[in-house]
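Here's the structure, in structure tokens; my notes come after.
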Amino acid sequence: MDRSQRLLTAALILAAGFAAAVLATSAASAQQAQAPAAREAAFRPPAVPLVASDPYLSVWSMADRLTDDPTRHWTRRPHPLSSLIRIDGKAFRLMGTEPKGVPAMRQVDLEVLPTRSIYDFEDAGVHVTLTFMTPALPEDLDVLARPLTYLTWSVRSTDGAEHAVSILDGASALLTVNEPNQHVEWKRESMGDLTALRVGTAAQTLLQPAGDDTRIDWGYLYLAAPSSQAKSAIGATSDLLSSFAEKGTIAESDEPRAPRAANDREPCLAFAFDLGKVGAEPVARHLMIAYDEIYAIKFLGQKLRPYWRRDGAGPADLLQAAERDYSRLIGRCETFDRELMADMTKAGGIRYARMAALAYRQALAGCGLAADANKQPMLFPKENSSNGCVATVDVIYPAAPQFLLMGSTYARALVAPALVYSTSPRWKFPFAPHDVGTYPQANGQVYGGGEDSKNEADMMPVEESANLILLCAAIARMDGNADFASRWWPQLTRWEAYLEKYGEDPENQLCTDDFMGHLAHNANLSVKAILAIAAYGELCKMRGDDAAAAKYLMLARQNARHWMKMAGDGDHYRIAFDRPGTWSQKYNLVWDGLLKLNVFPPEVARNEVAHYKQVRQKYGVPLDSRTRLTKTDWCVWSATLTDEREDFEAIVNPIYDYLNETTARLPFVDSYITDNRASDGMRARPVIGGVFIKMLEDPAVWKKWASRDRFHVGDYAPAPKPPRVSELVPTSREKSAAWKYSTQRPGEGWARADFDDSGWREAPAGFGTRGTPGIRVATRWDTPDIWLRREVRIPAGVDAATVQLFLYHDEDAEIYIDGVLAARETGYATTYQAVEIAEPARRLLRPGAKVTLAVHCHQTGGGQGIDVGLVEVREGE
């Protein structure tokens, strides 16, 4: 069935004992929606979003066909989802590479839409449509907040005969671990008319580890389906798949051997559906895959629930509500996708629309959605594949166009974590913060030396201050008032003053493109600062201060005239004021038009766009004259500077060509080399929401979509008071303590208190290489691994519930207390951080008791260091 046929076919949902629901789409509207696509060859995305809700529940197909490769987390670790179909007794693979001896069903079509990824298969006289539907509908925050995706199989005969059909779907326990050797356990639950299978780690180290290349290892994965439609089992993946492929059956009972490692015969949740005899009329079955994180984020010391849990809902509430809504959501997602695709095609062409559709779920899945202490929605974007920071302002800024299009609720939720943090006593600088921590530990800035940094140039002071002012102005323009900005007026005013002093001609510092290094007199950064001053003036006007508005607009225009003289370089403008013969993309200029500031003359944008077309490479416009690397989000921003469709497509279409041809099979990258289709870059990041900037260009289109947001955001909870932290077992920051250590892999049980470490050396902490920032090194450690042991006494009178580890790690660290895992952290830290202790280990911290701290730290490259102590943390005192 091709796309036109599929849209003309009613979506028929049949289930034994359940009423059928028929959703029809008219032939006329289908033809109209499909007309642009009919003139354009099929799009081959480098990776397809299958189950994409947040940075942890993020499963992709990174191959041409769904059967060519195991499905994977965005970090490329296997997160296997499997599906088999039996047709008249013969088995075929629909998803996944196992079993090896079972042939793949022929895939004949693939379409990626904003809320759905749709695969079509044909073989043995049968057509199968497999749809992954994540109902990320902006007009319904409660539905969008659900960490849940529906899988629907629709099967029909193509040869006029009836065929016996059954389907199996499985989800691996590998979706619930950070490392495959972590132990998992499982159970089944009855939830009304649903059967739900769940799996999760035995240790449940909530909200740990923090870092970039990490996967969730707390909470529980759920697979659920109507009990009357399916049989279910939990067992080894290979056993379940082989049994179904060979005999059409799965185990009658769940495998009892648990807990065990996720890679020990790979436990799997599985459902099998018997569709009976299938003829020309489609027969459909569905299930739901969901994840209960329990807690989503730790924000300034407070654990925040996922937004869907804000009123006390649990997994049964989530799954039963989702099942009740299923039939209606099919129609709503079809309508949303069709209408948004039509508007995007009209705005930028079919290629632009396909790229934006690919970006839509990725941008949302790059964020965690939590409820603050006032139950208000907060989005926490993660710097996937760059450094793992959370609520990074120069990630929020490029991601913002999609959230601005979705409505005020989403734009406010996106900037709220950084704005709330900026009001905290923790933040002492006259400019905006760069980030709020490392995902999911949003406990304060870690970038550029963190809250104790002495080097402002490394903290992007002009960049982040201008970013937040511009976004508050964009929200005000959408709302028609400055109420939201007024909530943060002291901060915005302080940042505007900083821009007045330092923004027109920025000193040597980093900007959002920090991978290119420091740059003084940065012309594009200056554009941002100038426009932010004008935007602040617009906010003043909305607040009723016309005199201030006129002052700041005049200042911005004066600075713009000076900018043109300093940056001018013939037919374009320089990368920096003191670098003749150079150029750069001036993507920040886009806000001059979107916010109707009219600070720069129109010829500035026209000249820039004309130059971009001259320096364009096969796969796009490089970021600037120093490199062939580009940023896809910035390219679309630069393309939006033009009013001419031909010029827009000249800049944007090469990005489409790269996506269609690249051999780097990754989620939508936002950086790559413009003359190398094999190049890869940062991927799966929320910044890709920036491609929706074109949709903000027409005020009527922006209003049409944003006005559908009916949610009314209330007051965000104030920033929690900083906790009182006092040392119980000191680190080496002031005075070094002696540890036993080994750089050779120790024997079994090395972390237990009774382990014989008499053969280990003894030396003072911290351990590492000199020059590693943030740690006082007393003993050189320059091998890939080190193991440490130290006996300590827990002070009398201490409440174990308040005890946390105090940790510096570069890089991956595991900490044990008397052999019980206390915490696991990945990546590196630039400062010491308090880290919560897992409950099984915490129970060993009895006042007055002696315990053994045991640490393993692993290093891959660069500076390295490890140091551990214990602290008492009393929140908000």
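3J(HN,Hα) along the stretch 194-202: 9, 9, 10, 10, 9, 8, x, 5, 6 Hz, from the Karplus curve 6.51 cos²θ - 1.76 cosθ + 1.60 with θ = phi - 60°, whole Hz, x for Gly and Pro.
Over all Cα atoms in the stretch 487-559, the spread is summed up by Rg and Dmax: 13.2, 41 Å. Under the combined filter of DSSP loop state and at most 10 neighbouring Cβ atoms within 10 Å, the stretch 183-278 retains these GluC sites (Glu not before Pro): Glu252. Given a 1.4 Å probe and the protein chains as shown, Asp159 ends up with an accessible area of around 80 Å².
The phi-based Karplus calculation (6.51 cos²θ - 1.76 cosθ + 1.60; θ = phi - 60°) puts the 3J(HN,Hα) values of the stretch 137-147 at 9, x, 6, 9, 4, 5, 6, 4, 6, 5, x Hz, whole numbers, x for Gly and Pro. Sites listed here are GluC sites (Glu not before Pro) in the stretch 663-745 whose DSSP assignment is loop and whose Cβ has at most 15 other Cβ atoms within 10 Å: Glu734.
If eta is 1.002 mPa s and T is 20 °C, what Stokes-Einstein diffusion coefficient results for the stretch 350-419, Kirkwood Rh from Cα pairs, in µm²/s? Diffusion coefficient, whole number: 171 µm²/s.
Estimate the FRET efficiency between Arg645 and Lys277 by the formula 1/(1 + (r/R0)^6), using the beta-carbon distance for r and 41 Å for R0, to the nearest 0.05.
About 0.20, to the nearest 0.05.
Which of rounded, prolate, oblate describes the stretch 60-117, given a ≥ b ≥ c as roots of the alpha-carbon gyration tensor eigenvalues and a/c under 1.5 marking rounded, otherwise prolate only if a/b is larger than b/c? Since a/c reaches 1.5 but b/c is at least a/b, the shape of the stretch 60-117 is classed as oblate. From most to least packed by mean Cβ count within 10 Å, the peptides 162-174, 270-282 give 162-174, 270-282. Of all the accessible heavy-atom surface of the chain, with the other protein chains kept in place and a 1.4 Å probe, what percent is carbon and sulfur? Percent of accessible area from carbon and sulfur atoms in the chain: 47.
In this simple spin-label model, placing a label point 7 Å from the Cα along the Cα-to-Cβ direction at both Lys375 and Ala342 gives a separation of 3.7 nm. Between the stretch 439-516 and the stretch 387-433, the C-alpha centres lie 9 angstrom from each other.
Against the globular-protein guess of 2.2 N^0.38 Å, express the Cα radius of gyration of the stretch 748-840 as a ratio, rounded to two decimals.
Numbers: Rg = 14.1 Å, N = 93, 2.2 N^0.38 = 12.3 Å.
Normalised Cα radius of gyration, the stretch 748-840: 1.15.
Relative contact order, whole percent, for the stretch 647-774 stands at 13, derived from Cα pairs under 8 Å and 6 or more residues apart. Couplings 3J(HN,Hα) for the stretch 280-290, derived from phi with the Karplus relation 6.51 cos²θ - 1.76 cosθ + 1.60 (θ = phi - 60°), are 5, 7, x, 10, 10, 9, 8, 8, 10, 10, 9 Hz, where x marks Gly and Pro.
Rounded, prolate or oblate, given the Cα gyration tensor of the stretch 272-406, with a/c below 1.5 counting as rounded? Oblate.
Ordering 104-114, 386-396 by mean Cβ neighbour count within 10 Å, with the highest value first, yields 386-396, 104-114. Taking square-rooted eigenvalues a ≥ b ≥ c of the alpha carbon gyration tensor, is the stretch 675-737 rounded, prolate or oblate, where a/c under 1.5 means rounded and, failing that, a/b exceeding b/c means prolate? In terms of gyration-tensor shape, oblate. Taking all Cα pairs closer than 8 Å and separated by 6 or more residues, the relative contact order of the chain comes to 11 percent.
Compared with the direct C-alpha span, the chain from Lys735 to Ser238 gains 173.5 nm at full extension, assuming 0.36 nm per residue.
Model label sites at Ala753 and His858, defined 7 Å from Cα along the beta-carbon direction, differ in position by 2.8 nm.
Applying both filters, DSSP loop and at most 12 other Cβ atoms within 10 Å, to the chymotrypsin sites (Phe, Trp or Tyr not before Pro) of the stretch 468-557 eliminates every site.
If one computes the Cα centroid of the stretch 141-214 and of the stretch 782-848, what distance in Å separates the two points? The two parts, judged by their Cα centres, are 32 Å apart.
Taking all protein chains together and rolling a 1.4 Å probe, Arg188 ends up with roughly 100 Å² accessible. Under 5 Å from the amide H of Glu255 lie the amide H atoms of Ile234, Gly235, each residue being 5 or more positions distant or on a separate chain, with H modelled from the backbone and absent for Pro and chain starts. Computed with a 1.4 Å probe on the full set of protein chains, the accessible area for His611 sits at about 20 Å². State the Cα centre-to-centre distance between the stretch 238-313 and the stretch 61-112 in whole Å. If we compute the Cα centre of each part, the gap is 17 Å.
Which percent, to the nearest 5, of DSSP beta bridges fully inside the chain are antiparallel? Antiparallel: roughly 95 percent of the beta bridges in the chain.
For the chain, the per residue solvent-accessible surface stands at 35 Å², with DNA, RNA and ligands left out and a 1.4 Å probe. Computed from the C-beta positions of Ala678 and Lys704 and an R0 of 41 Å, the FRET efficiency is 0.55 to the nearest 0.05.
The values are calculated or read from the model by the stated rules, or taken from the named source; none is laboratory data. Values in this document were obtained by computation on a predicted structure and should not be read as measured data. Note that we place each Cβ from the backbone using ideal geometry, even for glycine, and neighbour counts take in every protein chain shown. In case anyone asks, the SASA skips ligands and DNA or RNA and just uses the protein heavy atoms, side chains included. Shrake-Rupley method; radii C 1.70, N 1.55, O 1.52, S 1.80 Å.
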